[in-house]
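Visitor: Questions regarding the structure given below will be posed in turn.
All of the numbers you see were taken from the coordinates with simple rules; none came from a lab. Keep in mind the model is a prediction, meaning the values are calculated, not measured. Here the Cβ is made from the backbone with ideal geometry for all residues, glycine too, and neighbour counts use every protein chain on show.
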Amino acid sequence: MLKVDSLLKQMMAGISMRDYEGVVNHLTDSFGTSKSSLSRAFIEQSTEALAAFERRLFDDTYVAMFVDGKYLAGSQILIAVGVTTDGQKKILGFRESKSEHSESIAELFRDILERGFKYDTGFLLIADGGKGWRKAARDVFGTAVVIQRCQVHKIRNVLSYLSKMDQKDIDARLKEAFRIDDYHEAKSALQKLADEIEPMNRNAAQSLRGGLEEALTLHRLNIPPLLRISFATTNPIESINAELARRLN
């Protein structure tokens, strides 16, 4: 039997380079085994590694959780990444689902809780504007969770309704408003901008007004600007999504 580390490392290297056939041929020559045996060994050992990953127990205390969904290889993958009290970012779990439905997300949250997810009096959940994330979070964590709507998703949604001619200016002004430190000033600037956008596109204005309070959660909590940059968007999870896409697409 091939060593797990050697097999997985070399197979994943081939997959990441989109050269699965090449790495299989290389390992077949190197280890003197058949391609079918190698494939079976990889499936068995990768399945074992995945099962161990999904059974992990959590010893840390968490202050935040980033969540996002991404379509990969034809499936919707729901991913949760936690931030510990000492600032470490750790993958908590994932689920394959047909959509960002609250039931699938709730299953993911319950599994994370059962494996020892801990927080002190509460924690911050950073998510896009999907209703499924919010409902599942409330159902599973109750009042312990405080939700910050991703500002990047918010801006993208608003811009998606506007013409290319208007997008550049509105994008810059939205970002400028979100950078305002004072909660009331930031909210006033965004509401004023929504009023200005209304004649351009009513749906864009409605998109900006919808869920605005959750987009300003960190402002309302008086979180310092540097921390706000890190926790106002789901960007910290994007590197994981990009790596998954690189290996699977």
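Visitor: For the stretch 62-127 and the stretch 146-198, compute the distance between their C-alpha centroids and round to whole Å.
Guide: So the two Cα centres are separated by 26 Å.
Visitor: Set the Förster radius R0 to 35 Å, insert the Cβ-Cβ distance between Ile229 and Ser163 as r into 1/(1 + (r/R0)^6), and round the FRET efficiency to 0.05.
Guide: That pair, Ile229 with Ser163, gives E of 0.75.
Visitor: Next question. Could you check the spin-label model distance between Glu238 and His184? Points 7 Å from the Cα along Cα→Cβ, value in nm.
Guide: Simple spin-label model gives 3.3 nm for this pair.
Visitor: Let me make sure I get this right: for the stretch 143-184, a, b and c are the square roots of the gyration tensor eigenvalues over alpha carbons, sorted descending. Under 1.5 in a/c it's rounded, otherwise prolate if a/b > b/c, else oblate. Which is it?
Guide: Taking the square roots of the gyration eigenvalues as a ≥ b ≥ c, the stretch 143-184 is oblate.
Visitor: If you average over every viewing direction, what projected area does the convex hull of the Cα atoms of the stretch 155-249 give, in nm²?
Guide: The orientation-averaged projected area of the Cα hull of the stretch 155-249 comes to 7.1 nm².
Visitor: So which trypsin sites (Lys or Arg not before Pro) in the stretch 93-191 end up in coil per DSSP with only 14 or fewer other C-beta atoms within 10 Å?
Guide: Sparse-neighbourhood loop trypsin sites (Lys or Arg not before Pro): Lys98, Arg115, Arg179.
Visitor: Students often get this wrong, so check it: of Lys135/Lys192; Lys70/Lys118; Lys131/Lys154; Lys98/Lys135, which have C-alpha atoms separated by over 24 Å?
Guide: Beyond 24 Å: Lys135/Lys192; Lys70/Lys118.
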